[in-house]
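Below is one structure, written out as structure tokens, with a few remarks after it.
The values are calculated or read from the model by the stated rules, or taken from the named source; none is laboratory data. Since this is a predicted model, take the numbers as computed values, not measurements. Please note: Cβ atoms are built from the backbone with ideal geometry, for glycine as well, and neighbour counts cover all protein chains shown.
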């Protein structure tokens with residue numbers, strides 16, 4: 001082989017290798033705290049993963065691990081995913097925050113997307129949904145459908161996000177029925193169907209006839225149906241799990257955000273920070289409204305959703321009072337996101353001491 005021919009072949013091989021490398025798909029890994037078949041939180045993320053994979057095609061390769069506990073186990077799983085070449089790592093549990101922050105310092109080339117957290121680094125950002133808008137919408141329905149004027153809420157883990165959702169659900173109900181009170185039972189876990197069922201039954205036994213939850217499964221609406229009460233789905237549409245009980249489902253559509261984030265990584269515009277996506281970004285909705293919900297209530301839902309979309313309406317606009325009657329948000333003032341993200345007290349009408357205090 002002549003020297004010139006050898007050089008030409010080497011150049012061709014070099015270009016071919018570079019082209020193949022450039023065409024390598026972006027690897028995006030998702031870590032879930034519970035089974036993807038939970039019907040709620042993790043199912044919603046898994047649905048979005050499938051949709052972004054279909055949208056981007058061979059530009060990306062997604063993978064996932066389900067039922068990963070917080071703490072050391074999550075860090076082990078994430079390290080393994082990084083060793084498999086993950087370029088983007090999405091953690092969907094509040095409890096993944098510490099491990100993800102540690103790993104972001106060790107792997108500067110990997111982009112970390114933490115859902116429900118608040119800590120960032122140069123290559124780790126946080127995303128939170130304005131799911132409280134969906135809880136407010138559900139509250140409007142609950143307030144119009146209750147007969148006892150007592151609502152029940154099964155709380156998962158007492159972090160600001162959950163307290164904010166309890167409060168927003170109550171505010172929505174009180175906007176159409178000022179007599180409303182909300183009872184809360186905490187299970188201190190994100191996913192535990194037997195505990196969720198026990199908590200739901202406890203609330204029903206205490207007089208609640210409409211239930212809501214911040215847990216991951218469909219156990220609460222199923223328990224409500226068994227007792228002849230009403231309830232809501234959350235994170236995903238849960239009507240199929242308890243068709244006689246479900247009044248609607250406050251859902252999170254993660255596809256718009258994940259599409260946005262992946263596109264940023266692909267085009268090199270990704271930056272750290274924090275995001276809050278809601279009705280305005282087509283990420284939050286109340287779907288599957290039951291047929292027996294009054295027409296006037298449905299009209300109110302349309303009105304509020306339109307206001308949330310345009311920015312003309314705000315869930316957290318004062319005056320809003322806490323349990324003791326002290327002003328939380330001043331009249332005609334909108335609560336700042338920083339206030340919402342640190343919420344640790346209940347609004348007036350929620351019974352019991354807030355565990356966040």
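Within region 235-245, how many residues are more than 22 Å from the chain's Cα centre (by Cα) and crowded, with 24+ Cβ neighbours inside 10 Å?
Qualifying residue count, region 235-245: 1.
The residue that is farthest from residue 154 (Cα to Cα), among those in region 256-274 that are touching a helix residue (DSSP H, G or I) at 6+ places or on another chain (Cβ under 8 Å) and buried (at least 20 other Cβ atoms within 10 Å of the Cβ), is 262. If we scan region 331-352, do we find a residue that is touching a strand residue (DSSP E or B) at 6+ places or on another chain (Cβ under 7 Å), more than 20 Å from residue 133 (Cβ to Cβ), assigned by TED's automatic domain parsing to the domain that holds residue 163 and surrounded by fewer than 16 Cβ atoms within 10 Å (Cβ to Cβ)? Yes.
Of the residues 105, 117, only one is assigned to a loop (DSSP other than H, G, I, E, B), outside the structural domain of residue 173 (by TED's automatic domain parsing) and on the phi < 0 side of the Ramachandran plot; which? Of the residues listed, the single one that is assigned to a loop (DSSP other than H, G, I, E, B), outside the structural domain of residue 173 (by TED's automatic domain parsing) and on the phi < 0 side of the Ramachandran plot is 117. Quick check on region 157-165. Is at least one of its residues within 26 Å of residue 294 (Cα to Cα), modelled with pLDDT of 95 or more and touching a helix residue (DSSP H, G or I) at 6+ places or on another chain (Cβ under 6 Å)? Within region 157-165, one or more residues are within 26 Å of residue 294 (Cα to Cα), modelled with pLDDT of 95 or more and touching a helix residue (DSSP H, G or I) at 6+ places or on another chain (Cβ under 6 Å).
Pick out the one residue from 311, 307 that is in contact (Cβ under 8 Å) with a residue 12 or more places away in the chain, assigned by TED's automatic domain parsing to the domain that holds residue 147 and more than 30 Å from residue 89 (Cα to Cα).
On the way: 307 fails: in contact (Cβ under 8 Å) with a residue 12 or more places away in the chain.
Just a single option satisfies the conditions, and that option is 311.
Would a scan of region 306-317 turn up a residue that is under 30 Å from residue 59 (Cα atoms) and not in a loop (DSSP other than H, G, I, E, B)? So far as region 306-317 goes, no, none of its residues is under 30 Å from residue 59 (Cα atoms) and not in a loop (DSSP other than H, G, I, E, B). Assessment of region 224-234 against the conditions (surrounded by 24 or more Cβ atoms within 10 Å (Cβ to Cβ), at positive phi and in contact with a helix residue (DSSP H, G or I) (Cβ under 8 Å, 6 or more places away or on another chain)) yields no matching residue. Does residue 290 count as assigned by TED's automatic domain parsing to the domain that holds residue 216, loosely packed, with under 14 Cβ neighbours inside 10 Å and closer than 23 Å to residue 145 by Cβ? No: the conditions fail for residue 290. Of the listed requirements (1) surrounded by fewer than 19 Cβ atoms within 10 Å (Cβ to Cβ); (2) within 14 Å of residue 152 (Cα to Cα), residue 220 misses just one: (1).
Every test in (1) within 18 Å of the chain's Cα centre (by Cα); (2) touching a residue at least 24 places away in the same chain (Cβ under 8 Å); (3) farther than 30 Å from residue 203 by Cα is passed by residue 92 save one, and that test is (3). For region 55-72, the set of residues classified as at pLDDT below 95 and in a helix (DSSP H, G or I) consists of 72 only. Residue count for region 182-203 under the criterion of being closer than 20 Å to residue 245 by Cα and in contact (Cβ under 8 Å) with a residue 60 or more places away in the chain: the result is 3.
Just one of the listed residues (175, 108, 104) is without any contact (Cβ under 8 Å) to a residue 40 or more places away in the chain and under 26 Å from residue 335 (Cα atoms), and it is 175. If you scan region 19-54, which residues turn out to be within 19 Å of residue 100 (Cα to Cα), part of a loop (DSSP other than H, G, I, E, B) and modelled with pLDDT of 95 or more? Hit for region 19-54 is 32, nothing else.
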